[in-house]
Every structure is written in structure tokens, then in C-alpha cells.
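A short write-up of the structure that comes next.
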Amino acid sequence: MGRAILCLGQYAKIPYTFEKTKTRVFCLEELCFFLKENAGLVDSSYFTRELADWIGEQCGLPELTARLRALMKGKEKPEVIVPQILEYAGCFSEKEIKETGQLIRLSADISLPEKRKARADYFLENHRYAMAIQEYRRILEEEENRIPSFDGKLYHNLGAAQAGLFLFEKAAASFETAYRLGGQQESLLAFLAAKRMRLSEQEYLAFLTEHGEYYEASLKLEERVTARKEAWTAARNDSRIASIRSAFFAGEEEQCGRLMRQETGRLMEEYRDYVAGE
């Protein structure tokens with residue numbers, strides 16, 4: 001169990017919204033967590049008069065408001081401002097605060113397209129697929145002087161976001177472009193996976209027959225699919241056993257008996273199916 005954290009100030013009635021990531025925070029601790037977890041995205045535009053006012057008026061922390069205003073007036077860099085906010089809140093260890101400041105400083109040297117990609121990646125990782133798709137497309141349409149390998153990463157992640165919305169045909173096209181630009185096997189496997197999800201089994205086999213160059217990769221994909229299915233089945237079985245064990249030790253005899261009967265019935269059905277197939 002993690003250590004308890006003493007919260008400061010009050011919970012805001014009106015949240016503060018970081019427009020670049022469309023993220024809302026309701027208290028100082030949420031603000032600190034956002035800044036730490038997204039250190040690679042943080043730049044000077046995050047620290048505004050509106051943020052300082054919100055900390056004082058909504059969170060009830062005038063002292064921190066005054067400190068933030070002084071830092072902004074002195075034109076301090078984000079790698080200086082963020083650690084001071086984190087230290088004031090006391091949410092993280094000294095090591096974590098130092099690492100966060102270092103990451104912000106290193107990120108300052110990253111090019112604008114890479115920063116924009118990091119923002120799109122943030123949306124993707126948080127399952128905000130529509131926003132990720134919009135951001136990846138903007139980068140591809142607006143940014144210039146990119147290298148093919150970077151575009152390959154953009155198209156690969158664009159495909160992942162499209163697949164997250166079950167747009168498998170569009171995802172397949174994005175993954176194919178990513179493979180053509182970057183030459184990464186992961187993009188090729190993702191392309192085949194999207195095709196596999198989009199087409200019927202017969203259509204997918206016909207596609208592989210027409211494109212013999214994908215044969216070896218398709219075998220590798222099937223190995224991964226089988227392994228994922230087995231892992232999912234094992235996790236589901238572990239969950240069932242854990243539920244039975246929990247009910248048993250809690251003295252819930254009726255619940256334990258019901259779960260055991262369900263599991264026994266499931267195993268009997270699996271056995272019957274197995275015998276019928278022999």
C-alpha cells in the first residue's frame with residue numbers, strides 16, 4: 001500500500017482546463033499529477049495568469065498563487081516552475097521531483113513536430129482516439145521537413161488510434177504506409193492484423209495467397225494471436241479460481257457453492273466438446 005498524501009487547499013468548484021491536452025484538474029494534487037505524468041509536453045504556455053488565479057480562487061492557496069506569479073514575472077523556465085509546485089504540494093519524493101524537472105529540461109530541445117507527436121501520443125495512450133487521430137493528421141498536413149522514419153511512426157500510431165475506433169480499413173492503410181516509410185516489422189504485423197479484423201477468414205486467406213511476400217509475417221502474427229488468446233484464457237481462469245477462493249475464506253458458503261457449480265459445469269462442457277471433437 002502506498003503512503004498517505006495530505007491534500008492541500010480545497011476541491012475546485014470550477015476545474016482548470018489545459019487546452020492543449022483537453023485535460024481538466026480539480027485540485028492541487030491533480031495538477032501535480034498531470035504535470036509530472038506529462039512532463040514531456042510541458043512548456044511555458046502552460047503557466048498563465050489564469051492558472052495562477054485558479055489556484056488561489058478555486059483551490060484556496062493564495063501563497064502558491066503568489067509564488068507562481070513571481071516565477072512567471074521572473075520569466076523562470078518550466079523546469080524551475082514545476083518542481084516548485086510539486087515541492088509545495090508534497091505529493092512526490094525528492095527524486096521524482098528532480099527527475100521531472102530534468103525531463104522537462106530535456107524536452108525543451110525537442111522539435112515542434114516531436115512535441116506535437118508527444119501530445120497526440122498522450123491522447124492515444126489515454127484511449128482518446130478521435131483526438132489522437134485529429135492531432136496526427138494535423139502534423140502530417142501542417143508540419144514540413146520531416147524525415148520518412150518519423151512519418152512512419154506517425155502513421156503507425158494513427159493506425160493504432162483508428163483501430164481503437166474499429167476503423168480497420170483505414171487502420172490497415174495507415175499501417176501499410178507506416179511500413180513503407182519506416183520498414184518496421186511491427187507496422188507490417190499491425191497491417192496484417194487490421195486486414196485480418198476487416199476481412200472474413202476466406203477473404204483474408206485469399207489476400208495472403210495474392211501477396212506471398214507477407215507469408216512469413218502472417219505466421220508470426222498467428223503465433224501472437226494464439227499466445228494472446230491463451231494468456232487471456234489463463235487470466236480468466238485465474239480470476240474464476242480467485243473468486244471461489246475469496247468466497248471460501250470469507251465464509252460465504254452459498255456464493256462459494258454457486259461459483260464452484262458454475263466452474264464445474266463449464267469444465268464439463270469443455271470436456272464434452274473435446275470428446276465430441278475426437
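Using the Kirkwood radius over Cα pairs, work out the Stokes-Einstein diffusion coefficient for the range 63-112 at 4 °C and 1.567 mPa s, in µm²/s as a whole number. Display every interim value, and only then the final one.
Details: Rh = 11.5 Å.
Result for D is 113 µm²/s.
For the chain, the Stokes-Einstein estimate of translational diffusion at 25 °C and a viscosity of 0.890 mPa s comes to 106 µm²/s, using the Kirkwood hydrodynamic radius over alpha-carbon pairs. Treating r as the C-beta distance of SER239 and TYR204 and R0 as 35 Å, the FRET efficiency rounds to 0.65. The aspartates and glutamates whose alpha-carbon is closer than 12 Å to the alpha-carbon of LYS115, local same-chain residues fewer than 8 away aside, are ASP43, GLU135, GLU143.
Using the beta-carbon distance between GLU213 and GLU169 and R0 = 25 Å, what value does 1/(1 + (r/R0)^6) give for FRET efficiency, to the nearest 0.05? Working from the Cβ atoms, E equals 0.75.
Summing Lys, Arg as +1 and Asp, Glu as -1, what charge do residues with Cβ under 10 Å from the Cβ of LYS115 carry, LYS115 excluded? Result for the neighbourhood of LYS115: +2.
A convex hull fitted around the alpha carbon atoms of the range 144-228 yields 93 Å³ per residue. Remark: for residue pairs LYS98/LYS170; LYS20/LYS229; LYS22/LYS153; LYS77/LYS170; LYS20/LYS220; LYS13/LYS153, the C-alpha separation exceeds 32 Å in LYS98/LYS170; LYS20/LYS229; LYS77/LYS170; LYS20/LYS220; LYS13/LYS153. Relative to the globular-protein estimate of 2.2 N^0.38 Å, the Cα radius of gyration of the range 108-159 stands at 1.04.
Could you work out [θ]222 nm for the chain from helices alone, using -39500 (n - 2.57) per DSSP H run of at least four and dividing by all its residues? Round to the nearest 500 deg cm²/dmol. Provide the component values of the computation, followed by the final result.
On the way: 13 runs with 201 residues, N = 278.
After summing the helix terms and dividing by residue count, I get -24000 deg cm²/dmol.
P(r) for the range 181-248, please, calculated from all Cα pair distances in 5 Å bins and given in %. P(r) for the range 181-248, in whole percents per bin: 3, 14, 19, 19, 12, 9, 8, 7, 5, 3, 1, 0. With a Förster radius of 35 Å applied to the C-beta separation of PHE26 and GLU99, the computed FRET efficiency comes to 0.90.
Any idea what the relative contact order of the chain is, in percent, if you count C-alpha pairs under 8 Å spaced at least 6 apart? All intermediate terms of the calculation are to be shown ahead of the outcome.
Working: 259 pairs, mean separation 27.6, N = 278.
So the answer I get is 10 percent.
Relative intensity of the range 24-122 on a log10 scale, I(q)/I(0) at q = 0.10, 0.19, 0.22, 0.23 Å⁻¹, equals -0.25, -0.93, -1.22, -1.30, per a Debye sum over C-alpha point scatterers of equal strength in the absence of solvent.
Every number in this text was worked out from the coordinates using simple rules, so none of it is lab data. Just so we're clear, the structure is a prediction, and the values are computed from it rather than from any experiment. A quick note on method: Cβ atoms are made from the backbone with ideal geometry, for glycine too, and the neighbour counts reach across all protein chains shown.
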